[in-house]
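Data first, discussion second: the structure below is written as structure tokens.
None of the figures in this text is laboratory data; all of them are computed from the coordinates on show. What you see is a predicted model; the values in this text were computed from it and never measured. Note that we place each Cβ from the backbone using ideal geometry, even for glycine, and neighbour counts take in every protein chain shown.
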Amino acid sequence: MWEKTYYNNTIGEWFIAFAIIILSYMIGRTLYWLIARYIKKITSATKTKIDDLFVDMVEEPLVGVVTISGIYTALNTLNLSDKIELWIARGFKSLLIFAFAWLATRLFDSVVKEYLMPMVSKSKSDLDDQLLPIIRKGVTLTIWGIAIVVALDNAGYDVGAVLAGLGIGGLAFALAAKDTISNLFGGVTIFTDRPFTIRDRIKVNEFDGTVNEIGIRSTRLVTLEGRTVTIPNSSFSNNPIENISSEKGRKVKLNLGLTYDTSPEKMEQALQILKDICQANPDINDDYSASFTEYGDSALNILLIYWIKKNSSILGTKSALNMAILKQFNAQQLEFAFPTQMIYKKEL
């Protein structure tokens, strides 16, 4: 039975090949277990985290390399045609290249998470917060791009011809994906013009929220309702952006109307009360003003303009100021007007 031949190989040779594959997988799993059981304990006792990261990131690609090597060794024990052996050799090299690319991206990603992200979060500048995700994705894409090109070259493809074909195909793709490209250019505009940064509150289109993440294709806002909105970067190139965080303070206009029987002395007293209230409130800037602006249809109108300080509560400050105005105007018998109409009836 063992001497029967199938596809130029005996059953015994096929059995040996499968046994090598299973053995290589078992060796890979054993290495994984040894690393997790012993080597990680050794690295965890050291002061630096570099060795821990390296061991943690290497263990899975190492198991893959051992398994791939076992499959390659098993296939080489068989009697195969020259063409198939050539394809096996090229496939083995390509898989090894992808395994090393996988290892490199895992190591880079771990270094970013453990070292670069904490450093960026502690810095005062927001520019590094914006650039780090782009650099992270860019390095990953570069590593995999190089791995694909090298793998194609080892597989026997003419890389120059492939790249030329990609250039022609890229032109057609660019015409079909113009919206995506406009989003990419919109992302470049955000990083060059810097109309806003991370943690800025902005208004764009109908959305009002805080910038949470700036990506290559889109930007994420957390709205005032606590919802996450993903906005294409092309929207920032084609629409006006209101950066609320750039204001020195919140400007508030308050219109008050007093009745027409208010005397000039009472009007002057009302203006002074408004100025005193603004001066006494620590959350209001010094550049406030109160003026008797016009004679309205049913009231003597007063306009109060004040600025709430940047880090103060807007609703809390407005509520406190309005309450103080109501109390002091009532105490001084300054009567607010409301729309009224007098009708004169002429008797015949």
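A few remarks follow.
- Check on THR259, touching an Asp or Glu at 6+ places or on another chain (Cβ under 6 Å) and surrounded by 11 or more Cβ atoms within 10 Å (Cβ to Cβ): yes
- Within region 204-220, the set of residues being within 22 Å of GLY138 (Cα to Cα) and among the small types (Gly, Ala, Ser) comprises GLY215, SER218.
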